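Please read the structure below before turning to the comments.
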């Protein structure tokens with residue numbers, strides 16, 4: 001059995017949490033550069049250029065890409081052949097705490113949704129842990145912006161609503177999001193499972209690379225992206241073609257009576273970093 | 001590109017139209033949800049605000065802390081609609097401009113016309129770049145709110161665009177060529193499903 005110390009997990013979480021906030025992922029930069037060529041609105045192109053310039057400043061000067069340094073969302077997949085030495089939840093939390101301080105990140109989490117006292121260090125993070133085959137540990141750290149998170153939604157469709165119903169709901173969500181979600185957005189769609197499973201799929205879809213692999217959802221992703229990009233919202237909502245950089249769909253089997261659809265929106269500051277130990 | 005110096009008055013505001021690009025110079029007061037709640041309470045009670053609000057612009061922002069030697073950290077706009085419930089009260093108290101991102105409620109759009117004010121939009125998610133336009137920053141009240149404190153910034157050529165003007169125009173709406181999403185569900189006759 002392979003042994004991994006929680007001190008190592010803490011250090012990795014800390015590093016990824018800071019890096020996510022300073023370094024826009026390469027696939028996102030690539031998608032932004034590609035969109036420049038297709039964007040026919042001048043203000044749209046100017047906004048994308050500023051987003052790219054912002055990414056350079058953030059990386060060079062270690063200033064967060066966005067003042068909303070996000071909710072820390074951690075996906076951790078632990079191989080069954082791994083023994084974790086020490087308290088793992090505490091280690092992840094400590095990584096976020098130390099990274100927030102060392103990286104001069106904003107404290108954006110309040111201790112209670114009603115009383116709303118800031119915890120001062122971005123703890124506690126949201127942690128999704130799963131056991132997988134193998135002897136490695138994969139950690140994905142997302143810095144999830146709240147402006148786009150607020151524009152997310154879930155709907156229990158009727159099975160008969162089928163693909164058209166799914167599209168209609170996704171387009172409604174994006175239309176309502178408008179400039180609030182800092183377009184060009186990345187749209188995560190979760191289809192199937194139960195109500196909470198669908199949203200978790202949507203979140204995972206948001207965290208996925210923008211580079212496309214072939215899957216049976218690829219066609220739906222392509223069609224949705226085309227329809228979203230003819231809405232006209234454009235970069236920063238100032239008008240244009242580039243409303244979304246990508247649509248990622250994740251699915252799961254569902255009950256004969258249900259068709260759950262969840263939409264989790266990410267802003268253009270689609271921040272996530274990962275490591276495999 | 002129109003250069004604007006704060007504070008602003010009705011003469012300047014009357015010359016601004018939806019879609020105008022502006023560069024703001026001077027003072028911006030930074031406040032978001034929690035500070036707005038406190039400011040509105042003071043207005044309702046008829047008490048004095050922590051700053052002279054007449055002719056001023058509030059920037060909806062909660063910046064990241066500055067690294068040593070820097071003026072401020074990342075400082076881009078937050079979403080404005082969350083401040084909608086508080087905005088008419090602040091406008092009635094003399095506020096003349098708001099700077100944020102995203103569309104406003106009908107009440108706010110009406111209040112903008114009524115009180116002769118202006119709503120500017122900035123680009124969301126470019127806080128590192130926008131921080132370079134801030135040359136001075138200090139917390140002037142509500143320090144205990146942390147990132148939600150009330151800030152006073154001095155800015156140089158801060159770029160923005162007029163979204164809502166006193167003439168009732170709305171730049172986001174005008175730029176949006178919304179295509180109607182047709183209800184296609186009912187086109188298919190799918191009534192044979194067993195839903196249990």
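The values are calculated or read from the model by the stated rules, or taken from the named source; none is laboratory data. Just so it is clear, the structure is predicted and the values come from calculations on it, not from any experiment. As a convention, Cβ positions derive from the backbone with ideal geometry for all residues, glycine included, and neighbour counts pool all protein chains shown.
In the set (1) in a strand (DSSP E or B); (2) more than 14 Å from chain A (Cβ to nearest Cβ), the condition left unmet by residue B:158 is number (2).
The residue that is nearest to the other protein chains (Cβ to nearest Cβ), counting only those in the range B:125-142 that are within 24 Å of residue B:102 (Cα to Cα) and in contact (Cβ under 8 Å) with a residue 60 or more places away in the chain, is B:127. Restricting attention to the range A:77-99, does a residue exist that is within 14 Å of another protein chain (Cβ to nearest Cβ) and touching a residue at least 60 places away in the same chain (Cβ under 8 Å)? Within the range A:77-99, one or more residues are within 14 Å of another protein chain (Cβ to nearest Cβ) and touching a residue at least 60 places away in the same chain (Cβ under 8 Å).
Could you go through the range A:153-160 and let me know if any residue there is crowded, with 20+ Cβ neighbours inside 10 Å, at pLDDT 95 or above and within 10 Å of chain B (Cβ to nearest Cβ). No, every residue in the range A:153-160 fails to be crowded, with 20+ Cβ neighbours inside 10 Å, at pLDDT 95 or above and within 10 Å of chain B (Cβ to nearest Cβ). The residue that is surrounded by the fewest Cβ atoms within 10 Å (Cβ to Cβ), among those in the range A:164-179 that are in contact (Cβ under 8 Å) with a residue 40 or more places away in the chain and facing chain B (nearest Cβ under 7 Å), is A:175. Scanning the range A:167-180 for any residue that is modelled with pLDDT under 95, closer than 21 Å to residue A:72 by Cα and touching a strand residue (DSSP E or B) at 6+ places or on another chain (Cβ under 7 Å) turns up at least one such residue.
Within the range A:89-101, the set of residues being surrounded by 18 or more Cβ atoms within 10 Å (Cβ to Cβ) and either touching a strand residue (DSSP E or B) at 6+ places or on another chain (Cβ under 8 Å) or at pLDDT below 95 (or both) comprises A:92, A:96. With the structure loaded, tell me whether residue A:114 is more than 18 Å from the chain's Cα centre (by Cα), surrounded by 22 or more Cβ atoms within 10 Å (Cβ to Cβ) and assigned by TED's automatic domain parsing to the domain that holds residue A:7 or whether it fails that test. For residue A:114, the condition - more than 18 Å from the chain's Cα centre (by Cα), surrounded by 22 or more Cβ atoms within 10 Å (Cβ to Cβ) and assigned by TED's automatic domain parsing to the domain that holds residue A:7 - is not met. For the range A:255-277, a tally of residues being within 24 Å of residue A:172 (Cα to Cα) and not in a strand (DSSP E or B) returns 6. Within the range B:76-97, the residues that satisfy the criterion of being closer than 29 Å to residue A:47 by Cα and not in a loop (DSSP other than H, G, I, E, B) are B:79, B:80, B:81, B:82, B:83, B:87, B:97. Quickly run through the range B:47-78 and pick out the residues that are more than 14 Å from chain A (Cβ to nearest Cβ) and at negative phi. Hits for the range B:47-78 are B:47, B:48, B:49, B:50, B:51, B:52, B:53, B:54, B:56, B:57, B:58. Could you check the range A:13-42 and list, in sequence order, the residues that are surrounded by fewer than 19 Cβ atoms within 10 Å (Cβ to Cβ), under 17 Å from residue A:236 (Cβ atoms) and within 13 Å of chain B (Cβ to nearest Cβ)? Those that are surrounded by fewer than 19 Cβ atoms within 10 Å (Cβ to Cβ), under 17 Å from residue A:236 (Cβ atoms) and within 13 Å of chain B (Cβ to nearest Cβ): A:40, A:41, A:42. Checking each residue in the range B:86-124 for being within 14 Å of chain A (Cβ to nearest Cβ) and farther than 20 Å from residue B:38 by Cα picks out B:101, B:102, B:103, B:104, B:105, B:119, B:120, B:121, B:122, B:123, B:124. Does the range A:232-243 contain any residue that is assigned to a loop (DSSP other than H, G, I, E, B) and more than 19 Å from residue A:177 (Cα to Cα)? No, the conditions are met nowhere in the range A:232-243. Of all the criteria given as (1) at negative phi; (2) in contact with a helix residue (DSSP H, G or I) (Cβ under 8 Å, 6 or more places away or on another chain); (3) at pLDDT below 95, the one not satisfied by residue B:174 is (2). Residues in the range A:210-230 that are free of Cβ contacts under 8 Å to residues at least 40 places away in the same chain, within 19 Å of the chain's Cα centre (by Cα) and part of a loop (DSSP other than H, G, I, E, B): A:212, A:213, A:217. Checking A:123, A:119 one by one, the residue that is in contact with a helix residue (DSSP H, G or I) (Cβ under 7 Å, 6 or more places away or on another chain) and more than 9 Å from chain B (Cβ to nearest Cβ) is A:123 and no other.
Among the residues of the range A:139-149, those identified as in contact with a helix residue (DSSP H, G or I) (Cβ under 7 Å, 6 or more places away or on another chain) and either buried (at least 22 other Cβ atoms within 10 Å of the Cβ) or assigned by TED's automatic domain parsing to the domain that holds residue A:255 (or both) are A:141, A:142, A:143, A:147, A:148.
Of everything listed in (1) within 24 Å of residue B:34 (Cα to Cα); (2) within 7 Å of another protein chain (Cβ to nearest Cβ); (3) at pLDDT 95 or above; (4) not in a loop (DSSP other than H, G, I, E, B), the single unmet condition for residue B:147 is (3).
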